[in-house]
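A short worksheet on the structure shown next.
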Amino acid sequence: KAKDAGRNTYKFYERSMNLKTHELLLLENDLRHALSRDQLELYYQPQLDLQSNCIVGFEALLRWNHPERGLVSPLEFIPLAEETGLIVSMGEWILRSACRQIRTWNEEHGRQLRVAVNISARQFHHYDLVHCVEKVLEQTGVPTEWLELEITESLLMYDIQSSIETMMRLKKLGVRLAIDDFGTGYSSLSYLKKFPICSLKIDKSFVDDLLTDASDAAIAESTLALASKMDLMVVAEGIEQQEQLDYLQQRGCQFGQGYLISRPLPVAQCTQFCRERFTEDCARQSSQSDS
Ligand code: C2E
Ligand code: MG
Ligand code: MG
Ligand code: MG
């Protein structure tokens with residue numbers, strides 16, 4: 001009897017394993033067509049200068065509008081896109097869309113806002129990345145300094161020498177580089193000075209418990225101190241509470257993003273958000289210069 005039960009459990013286990021693989025295969029198959037079927041969309045999350053409260057740029061975040069599943073999280077499909085190599089063609093589309101969009105916004109508002117694009121491991125280590133970035137910048141007519149690439153530290157540690165070379169070539173183009181999810185990987189601090197980067201992004205996991213967890217606060221503060229010594233900028237991500245924002249602002253964190261300021265928004269809503277914010281900014285700035 002016990003043996004039967006065991007066998008059933010095993011069968012059940014096996015079946016659910018197969019189901020999962022089958023699910024993934026289906027998803028993977030759908031993903032192959034997502035780009036050509038126009039199911040991919042970039043959302044944009046505003047980034048603020050925490051001292052002046054002005055918008056300085058946006059992070060582009062990919063969304064997949066699946067016809068049956070609805071919105072699929074990038075945490076689910078980016079790894080699939082990586083495995084299958086689809087990330088390379090998707091990545092080019094992401095870069096081009098983000099560059100076109102920042103140009104549209106900057107032209108509309110007469111600003112120099114930047115757009116941050118996430119680059120995944122396979123994309124970064126692909127031989128053609130630098131050429132792809134250069135081509136997209138040329139085609140879209142976007143000044144190189146409007147584009148920032150976010151790279152995670154674990155991605156850089158995979159092959160440090162070639163990572164440094166790729167980063168040098170990107171920097172030579174004039175593109176800005178940021179380390180995403182800083183503090184969550186295993187990078188040795190000694191490499192940091194070899195990376196030609198502009199900024200560090202404090203991971204949301206440290207911002208979450210900033211006010212209640214002494215170690216998270218210590219990590220955030222050390223990151224700020226390190227960045228200031230090394231002349232790097234800091235962007236804090238995942239700011240959800242006013243107290244977190246105040247804390248970071250008081251400790252000299254220049255930039256931030258998070259639900260408190262705005263969720264990632266589809267283009268039309270982000271355009272609206274900017275129009276309102278810019279009107280406020282202008283009103284505030286002119287009233288400051290009046291007084
Ligand atoms: P990430 O680059 O670290 O992006 C930050 C994530 O935190 C985003 O999740 C964003 O929506 C979310 N977030 C921002 N502020 C808050 C907040 O206040 N509270 C909470 N709870 N979450 C916040 P998202 O959009 O689901 O993206 C997840 C990850 O997927 C990204 O992490 C990035 O690694 C990857 N990803 C997203 N878009 C792209 C892309 O276009 N290309 C590549 N290669 N990866 C992408
Ligand atoms: Mg990012
Ligand atoms: Mg991040
Ligand atoms: Mg993150």
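Looking only at the stretch 199-240, count every residue that is under 20 Å from Lys171 (Cβ atoms), within 16 Å of ligand 3 (Cβ to nearest atom) and not hydrophobic (A, V, I, L, M, F, W, C) and tell me the total.
2
Pick out the one residue from Gln244, Gln269, Gln249 that is part of a helix (DSSP H, G or I), within 21 Å of Ile102 (Cα to Cα) and at pLDDT 95 or above.
Selected residue: Gln269, the only one of Gln244, Gln269, Gln249 that is part of a helix (DSSP H, G or I), within 21 Å of Ile102 (Cα to Cα) and at pLDDT 95 or above.
Among what's in the stretch 234-257 and is in contact with a helix residue (DSSP H, G or I) (Cβ under 7 Å, 6 or more places away or on another chain) and either of a type outside the set (A, V, I, L, M) or surrounded by fewer than 20 Cβ atoms within 10 Å (Cβ to Cβ) (or both), pick the residue that is nearest to Arg114 (Cα to Cα).
Ranking the candidates gives Gly256 first.
Do the conditions hold for Leu25, that is, is it part of a helix (DSSP H, G or I) and crowded, with 18+ Cβ neighbours inside 10 Å?
Considered against the rule, which asks whether it is part of a helix (DSSP H, G or I) and crowded, with 18+ Cβ neighbours inside 10 Å, Leu25 comes out as no.
Of the residues that sit in the stretch 204-223 and are within 22 Å of Gln45 (Cα to Cα) and touching a strand residue (DSSP E or B) at 6+ places or on another chain (Cβ under 6 Å), which one is nearest to ligand 4 (Cβ to nearest atom)?
In this case the residue turns out to be Val207.
Out of all the residues in the stretch 162-182, which are without any contact (Cβ under 8 Å) to a residue 60 or more places away in the chain and within 12 Å of ligand 1 (Cβ to nearest atom)?
Answer for the stretch 162-182, where residues must be without any contact (Cβ under 8 Å) to a residue 60 or more places away in the chain and within 12 Å of ligand 1 (Cβ to nearest atom): Ile179, Asp181, Phe182.
Identify all residues within the stretch 47-60 that are under 21 Å from Cys253 (Cβ atoms), within 12 Å of ligand 1 (Cβ to nearest atom) and either of a type in the set (Gly, Ala, Ser) or touching a Leu at 6+ places or on another chain (Cβ under 8 Å) (or both); write none if there are none.
Phe58
Results for (1) in a loop (DSSP other than H, G, I, E, B); (2) without any contact (Cβ under 8 Å) to a residue 60 or more places away in the chain; (3) within 15 Å of ligand 1 (Cβ to nearest atom), shown as yes or no for each residue.
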| site | (1), (2), (3) |
| --- | --- |
| Trp64 | no, yes, yes |
| Ser89 | no, yes, yes |
| Leu95 | no, yes, yes |
| Arg100 | no, yes, yes |
| His126 | yes, yes, yes |
| His131 | no, yes, no |
| Glu148 | no, no, yes |
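Hey, does the stretch 45-61 have a residue that's free of Cβ contacts under 8 Å to residues at least 60 places away in the same chain and of a type in the set (A, V, I, L, M, F, W, C)?
yes
At least 2 residues that are under 23 Å from Leu61 (Cβ atoms) in each: list the helices (runs of 4 or more DSSP H) lying fully within the stretch 156-235 that qualify.
So the answer is 160-173, 204-208, 214-229.
For Pro79, are the conditions met, namely being surrounded by fewer than 20 Cβ atoms within 10 Å (Cβ to Cβ), within 30 Å of Phe278 (Cβ to Cβ) and within 16 Å of ligand 3 (Cβ to nearest atom)?
For Pro79, the condition - surrounded by fewer than 20 Cβ atoms within 10 Å (Cβ to Cβ), within 30 Å of Phe278 (Cβ to Cβ) and within 16 Å of ligand 3 (Cβ to nearest atom) - is not met.
Yes/no matrix, rows are residues, columns are (1) more than 26 Å from Met157 (Cβ to Cβ); (2) assigned to a loop (DSSP other than H, G, I, E, B); (3) modelled with pLDDT under 95:
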site: Tyr44; (1), (2), (3): yes, no, no
site: Gly57; (1), (2), (3): yes, no, no
site: Thr104; (1), (2), (3): yes, no, no
site: Arg111; (1), (2), (3): yes, yes, yes
site: Arg122; (1), (2), (3): no, no, yes
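Counting only residues that are aliphatic (A, V, I, L, M) and over 23 Å from Asp38 (Cβ atoms), which one in the stretch 94-118 is farthest from the chain's Cα centre (by Cα)?
Leu113
Assuming Leu156 fulfils every condition listed in (1) in contact (Cβ under 8 Å) with a residue 40 or more places away in the chain; (2) hydrophobic (A, V, I, L, M, F, W, C); (3) crowded, with 20+ Cβ neighbours inside 10 Å apart from one, which condition is it?
(1)
Does Ser205 fit the bill of being touching a helix residue (DSSP H, G or I) at 6+ places or on another chain (Cβ under 8 Å), without any contact (Cβ under 8 Å) to a residue 60 or more places away in the chain, under 25 Å from Leu129 (Cβ atoms) and of a type in the set (S, T, N, Q)?
no
The values are calculated or read from the model by the stated rules, or taken from the named source; none is laboratory data. Since the structure is predicted, the reported quantities are computational estimates derived from the model, not experimental observations. Neighbour counts are summed over all protein chains in view; Cβ atoms, including those assigned to glycine, are modelled from backbone coordinates with ideal geometry.
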